[in-house]
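*Asks:* Below you'll find the structure I mean.
The values are calculated or read from the model by the stated rules, or taken from the named source; none is laboratory data. What you see is a predicted model, and the numbers here were worked out from it, not measured in a lab. Here the Cβ positions follow ideal geometry from the backbone for every residue, glycine too, while neighbour counts run over all protein chains shown.
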Amino acid sequence: MGTPATGDLVSADTLRIRIAGEADVTRAIIETGNAAARLEFRVDKKSRITTAASELARNILKYAVRGEITVRILREPARVGVELSARDSGPGIEDVDAALRDHVSTGGTLGLGLPGVRRLMDEFAIESTPASGTRVTVVLWRP
């Protein structure tokens with residue numbers, strides 16, 4: 001997974017990508033797709049995980065300016081998956097419950113991003129502290 005040009009290779013199955021511009025968003029999408037391809041995800045599942053990577057990376061740019069996404073391949077006896085962990089040290093989300101409802105936005109958008117990511121993924125977790133940042137972790141599995 002990845003090269004120094006696309007991120008920090010943490011291990012054979014983990015890549016950390018710094019997000020500070022549009023090119024980094026593209027890298028996150030590509031590397032997430034590469035991870036899904038390594039696990040032979042069907043096209044529809046690959047589209048779901050790359051859509052999540054795009055949304056999470058764009059949220060970092062819009063709300064926190066910079067942060068990082070870690071792409072990790074998960075291997076269990078009965079299944080494999082791709083985990084994305086997006087974190088930033090931005091302003092945080094004041095009302096997480098509201099942010100997870102459709103059409104709620106503090107950024108002048110349609111307010112479909114985080115709720116959509118949650119629907120696309122098998123697992124979704126969010127931690128956010130106002131003035132300290134946000135971490136969103138998602139997993140998509142393949143049996």
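*Asks:* Restricting to segment 127-143, name every residue that is more than 21 Å from Ile73 (Cα to Cα) and buried (at least 18 other Cβ atoms within 10 Å of the Cβ).
*Replies:* Ser128, Gly133, Thr134, listed by residue number.
*Asks:* I've got another one for you. Conditions first: (1) surrounded by 19 or more Cβ atoms within 10 Å (Cβ to Cβ); (2) in contact (Cβ under 8 Å) with a residue 40 or more places away in the chain. Thr50 passes all but one, so which condition is the exception?
*Replies:* (2)
*Asks:* Among the candidates Ala20, Ala64, Ala35, Ala52, which residue alone is under 23 Å from Pro115 (Cβ atoms), aliphatic (A, V, I, L, M) and touching a Leu at 6+ places or on another chain (Cβ under 9 Å)? Reasoning before the result, please.
*Replies:* On the way: Ala20 fails: under 23 Å from Pro115 (Cβ atoms); Ala64 fails: touching a Leu at 6+ places or on another chain (Cβ under 9 Å); Ala35 fails: under 23 Å from Pro115 (Cβ atoms).
Just one listed residue meets the conditions, Ala52.
*Asks:* Can you pull out the residues in segment 5-23 that are at pLDDT 95 or above and either closer than 19 Å to Glu55 by Cβ or within 12 Å of the chain's Cα centre (by Cα) (or both)?
*Replies:* Those that are at pLDDT 95 or above and either closer than 19 Å to Glu55 by Cβ or within 12 Å of the chain's Cα centre (by Cα) (or both): Leu15, Arg16, Ile17, Arg18, Ile19, Ala20, Gly21, Glu22, Ala23.
*Asks:* Would you please name the residue that is surrounded by the most Cβ atoms within 10 Å (Cβ to Cβ), looking only at residues in segment 64-97 that are outside any strand (DSSP E or B) and among the β-branched types (Val, Ile, Thr)? If you could, list the steps in order and put the result at the bottom.
*Replies:* Quick first cut of segment 64-97, residues outside any strand (DSSP E or B) only: 64-66, 76-79, 89-97.
From what's left, among the β-branched types (Val, Ile, Thr): 65, 93, 96.
Details: Val65: 13, Ile93: 22, Val96: 14.
Residue satisfying both the conditions and the ranking: Ile93.
*Asks:* Please tell me if Thr26 is crowded, with 18+ Cβ neighbours inside 10 Å, assigned to a helix (DSSP H, G or I) and modelled with pLDDT of 95 or more.
*Replies:* no
*Asks:* Further question: Identify all residues within segment 111-143 that are touching a residue at least 60 places away in the same chain (Cβ under 8 Å), under 19 Å from Gly33 (Cα atoms), not β-branched (Val, Ile, Thr) and not in a helix (DSSP H, G or I); write none if there are none.
*Replies:* Met121, Leu140, Trp141, Arg142, Pro143
*Asks:* Separate question: Out of curiosity, is Leu56 of a type outside the set (Gly, Ala, Ser), modelled with pLDDT of 95 or more and not in a helix (DSSP H, G or I)? Working first, answer last.
*Replies:* Working: of a type outside the set (Gly, Ala, Ser): yes; modelled with pLDDT of 95 or more: yes; not in a helix (DSSP H, G or I): no.
Answer is no for this residue.
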